[in-house]
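Take a look at the structure below.
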Amino acid sequence: MAVAAYRTVAEDLRRRIDEGEFAPGDPLPSRAALADHYGVGSNVATAAVRLLTTEGLVKGRAGRGVFVRERASSGTMARSWTQERLQGRLAVTAGGGEASGTGAQGSPSDPERAVLDTGHPGGTGRPGRPGHPGDGSPADDGRTVRGAPRSTTGEAPEEIARRLGVPAAEPVIRSEYLLTRDGRPAMLCVSWEPLGITGGTPVSLPGAGPLAGSSVVARMSYIGLQITRSTETVTARAATREEADALDLTPGAPVAAIERTYFAGERPLETADLVVPGERFRLAYEIPAEPAGG
């Protein structure tokens, strides 16, 4: 059986990508150039590129063309109570090694560990995008970019009200921001805080005030509330179209969706939905083993 022409073109483009002729981040030739190079119609060239897009090898960027995607990585994102997390940061270990967080007072020992901050003072209020912090400032160390939170006030949806332990439609502050590492999106975060807790205080907005860009732990401590624990529920699912666009993923790519809630005793202070690209990171949790009873 003859192989469809577009599959033949796609196979050769796949080979050229694998051999490094088109490196990650490089643009593919235009559809017209591909059609001319392979001696096919523009519809065949378009179908070949569409196939590579479906396979996740390339990604189209509106108004710019089609680019070769970065290779999937295997960094480990520590979700335990490391010093980074207490400071409002995410610890990421390059490669496939285990995360080395050592609890609330520990610090990572891996020299390749990078730090991602979860906020940034000031800014325009627009979520950061890949290579664009959103607040006009450069990356802190050439590896990380912190998107300025975009915050709004509204009524808590029913599910969020349940997680926060407040009545439905309770006023809340909703904040959205993006974290990037090495110019690539690492986490999309949407959080909610009851207006009755932080409203009218200097830390009511995560991206403004004396603790702008600080962790939830630090912000709550500033107004006399001590976070004592957090819960996280992780679901593996396909990215929505909006998430895929924000995280620079192929629509339907796997993500880890984390439902996180911070507590002071039994009182929820903040809840958030975190979305992490499954092809770039695995999650690591450290669970202390403490004697039962006593």
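Considering only residues that are open to solvent by 10 Å² or more (accessible area, probe 1.4 Å) and under 11 Å from the mean Cα position of the chain (by Cα), look in region 244-255 and name the one that is modelled with the highest pLDDT. In this case the residue turns out to be Ala246.
Considering only residues that are open to solvent by less than 40 Å² (accessible area, probe 1.4 Å), closer than 21 Å to Ser221 by Cα and out of contact with any helix residue (DSSP H, G or I) (no Cβ under 8 Å at 6 or more places or on another chain), which ones fall in region 168-188? Passing the criteria: only Ser175.
Considering region 226-242 alone, what residues qualify as being open to solvent by less than 40 Å² (accessible area, probe 1.4 Å) and under 18 Å from Thr261 (Cα atoms)?
Step one: list which residues in region 226-242 are open to solvent by less than 40 Å² (accessible area, probe 1.4 Å), which gives 227, 230, 239.
Answer for region 226-242, where residues must be open to solvent by less than 40 Å² (accessible area, probe 1.4 Å) and under 18 Å from Thr261 (Cα atoms): Ile227, Ser230.
Restricting the search to helices (runs of 4 or more DSSP H) fully inside region 1-90 and requiring at least 3 residues that are modelled with pLDDT of 90 or more and surrounded by 16 or more Cβ atoms within 10 Å (Cβ to Cβ) gives 5-18, 31-38, 42-54. Within region 146-167, being closer than 21 Å to Thr231 by Cα, part of a loop (DSSP other than H, G, I, E, B) and in contact with a strand residue (DSSP E or B) (Cβ under 9 Å, 6 or more places away or on another chain) holds for Ala156, Pro157, Gly165, Val166. The sole residue among Ile197, Ile223 that is open to solvent by 30 Å² or more (accessible area, probe 1.4 Å) and modelled with pLDDT of 90 or more is Ile223.
Between Ala212, Ala218, Ala148, Ala156, which is out of contact with any helix residue (DSSP H, G or I) (no Cβ under 7 Å at 6 or more places or on another chain), hydrophobic (A, V, I, L, M, F, W, C), crowded, with 22+ Cβ neighbours inside 10 Å and touching a residue at least 24 places away in the same chain (Cβ under 8 Å)? Walk me through it before giving the result.
Working: Ala212 fails: crowded, with 22+ Cβ neighbours inside 10 Å; Ala218 fails: crowded, with 22+ Cβ neighbours inside 10 Å; Ala156 fails: out of contact with any helix residue (DSSP H, G or I) (no Cβ under 7 Å at 6 or more places or on another chain).
Within the list Ala212, Ala218, Ala148, Ala156, the selection yields Ala148.
Residues that are more than 14 Å from Thr233 (Cβ to Cβ) and either without any contact (Cβ under 8 Å) to a residue 24 or more places away in the chain or open to solvent by less than 20 Å² (accessible area, probe 1.4 Å) (or both) within region 256-283 comprise Glu266, Leu269, Glu270, Pro277, Arg280, listed in sequence order. Scanning region 203-222 for residues that are assigned to a loop (DSSP other than H, G, I, E, B) and out of contact with any strand residue (DSSP E or B) (no Cβ under 7 Å at 6 or more places or on another chain) returns Val203, Ala208, Gly209, Pro210, Leu211, Ala212, Ser214, Ser215. Does region 226-241 include one or more residues that are within 21 Å of Leu205 (Cβ to Cβ) and free of Cβ contacts under 8 Å to residues at least 12 places away in the same chain? No: zero hits.
The values are calculated or read from the model by the stated rules, or taken from the named source; none is laboratory data. Just so it is clear, the model here is predicted, and its values are computed rather than measured. Positions of Cβ are backbone-derived with ideal geometry, glycine not excepted, and every protein chain shown enters the neighbour counts. Note: accessible area is taken over every heavy atom of the protein model, side chains too, but ligands, DNA and RNA are not part of it. Shrake-Rupley method; radii C 1.70, N 1.55, O 1.52, S 1.80 Å.
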